[in-house]
Amino acid sequence: MPQLRFLPLVCAFLLGFFSPSLRAQTSVYGRVVNQGELSPIIGARIFLAGTVIGDITSNSGTFQLKNIQPGTYQLVVSSLGYRLYKQNIVIAASPHKDLLIISLEAQPIKTGEVEVTAHRLLNYRAKVQEFIRLILGSSPNGQEAKLLNPDALDVNFVAADNGSACYNISAREPLVILNRRLGYKTTFFLEKGGLAGEKSWFQGPVYFEELPTKDSAQSLQWQVNRLKTSRGSIKHFLYTLIHAPLNGQKSDYQGFKVRRINDENMYLKDWISVGSVLMLDSIPVLKDSIGIGYKIFFPYCFEVSYSKILPESSYVNFFRQTAFDDSVIKQGFGQYRSLATMQKVFVRVDEKGFLYSPDELVLYGYWAWQRLADEVPLPYYAQ
């Protein structure tokens with residue numbers, strides 16, 4: 001039987017570790033200045049990562065973020081010639097009207113000039129295109145999405161410890177993606193990316209901007225596509241696990257079923273669920289010691305299936321290509337199936353289901369099939 005091959009994905013959007021929190025009610029007001037001279041920075045983009053909430057600084061460097069629901073967020077500031085600024089904040093129900101002063105550190109602007117080598121000439125364009133395909137994905141959303149500034153990407157070859165080829169991917173400016181099927185212009189601030197054999201990874205904050213609609217029918221279709229895309233995603237699963245009333249529940253809750261996998265290699269070879277079903281309320285979910293976010297103690301290797309909606313045909317085709325036995329196809333048909341392996345004892349997530357670190361889980365199956373073009377803001381997977 002042919003060897004089953006999955007593309008593992010290590011990816012995270014949005015979060016780093018928490019710094020001291022800022023408390024506010026429904027708005028954040030502030031001013032962005034140069035770190036050295038404290039002069040205002042005009043035209044800086046400031047936003048809450050993973051949301052549509054953002055602003056551009058005025059001539060005096062001021063900004064206002066409105067209509068924010070209470071919770072934890074990552075505040076991100078980007079401006080040409082300065083280092084990307086990130087601060088994790090807590091928006092509380094009590095009013096907070098203090099002005100937030102953000103000072104940006106200057107950073108030399110990267111030019112488009114790169115060192116040209118024979119190896120680079122052979123591999124550069126192919127690796128850039130491969131990385132673009134991987135970050136957009138092969139889902140219906142990914143097939144219709146377009147990276148508007150591919151020339152911003154740069155590829156550097158490095159030798160891995162085992163002697164295999166590894167490519168570090170960087171970007172000279174934020175990557176702008178036109179997502180026609182979901183109705184967003186997505187700006188992705190690539191902080192870390194790479195390719196190594198069948199493994200790929202990318203990390204950085206994401207900001208969403210609504211595209212203008214032609215009519216109410218298109219607006220409705222976008223809403224349907226966004227909600228459908230969010231169903232069964234890793235953020236949807238983590239959010240459900242944190243917030244759902246799991247008392248006495250359940251081996252199958254809101255369409256999710258979790259199974260401990262005893263033999264990771266056998267699973268990846270045959271795509272057969274050999275392992276015990278877990279009650280969702282038996283998975284330890286603990287409040288973080290600093291009172292922000294959660295620690296979730298999953299088994300080392302576990303499968304999550306989701307059966308509330310029928311899978312996209314492109315995912316079914318993907319599944320058929322990776323399952324060579326008819327019984328396996330029948331077992332998995334009609335549901336999304338994902339595999340995750342723990343890289344640490346627990347994973348840390350915020351209250352919205354966002355992973356703090358991309359290194360804590362390696363994803364296979366549906367969660368790896370979903371890529372950047374399948375990202376949606378919080379309200380859709382929290383419904």
If you restrict to DSSP beta bridges whose two residues both lie in the range 28-104, what percentage is antiparallel, to the nearest 5?
80
Tell me the label-point distance for the pair Ser216, Gln107, using the 7 Å Cα-to-Cβ offset, in nm and rounded to one decimal.
4.5
Whole number please: convex hull volume per residue, Cα atoms of the range 118-210, in Å³.
93
Once you put a point 7 Å from the Cα of Lys192 and another 7 Å from the Cα of Asp151, both along the Cβ direction, what distance in nm separates them?
3.0
Can you compute 3J(HN,Hα) from phi for each residue in the range 339-350, using the Karplus curve 6.51 cos²θ - 1.76 cosθ + 1.60 with θ = phi - 60°, rounded to whole Hz and x for Gly and Pro?
10, 9, 10, 7, 9, 9, 5, 9, 10, 10, 9, 8
When the convex hull of the C-alpha atoms of the range 28-104 is computed, what volume per residue in Å³ does it have?
85
Could you pull out the pairs from Lys185/Lys352; Lys66/Lys295; Lys199/Lys235; Lys66/Lys86; Lys214/Lys308; Lys127/Lys185 whose alpha carbons sit more than 26 Å apart here?
Lys66/Lys295; Lys214/Lys308
Output wanted: per-residue J couplings in Hz (rounded whole) for the range 167-180, from phi through Karplus 6.51 cos²θ - 1.76 cosθ + 1.60, θ = phi - 60°, x for Gly and Pro.
10, 8, 10, 10, 9, 7, 7, x, 7, 10, 10, 8, 9, 5
Counting only residues 5 or more places away or on other chains, whose amide H sits under 5 Å from the amide H of Gln343 once H atoms are built in the peptide plane?
Leu361, Val362
Difference of contour (0.36 nm per residue) and Cα-Cα distance, Ala244 to Ser60
61.8 nm
Packing rank of 347-353, 256-262, 208-214, where each peptide gets the mean count of other beta carbons within 10 Å, highest leading:
347-353, 256-262, 208-214
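Just so you know, all these numbers are worked out from the coordinates, no wet-lab data involved. Since the structure is predicted, the reported quantities are computational estimates derived from the model, not experimental observations. Note that we place each Cβ from the backbone using ideal geometry, even for glycine, and neighbour counts take in every protein chain shown.
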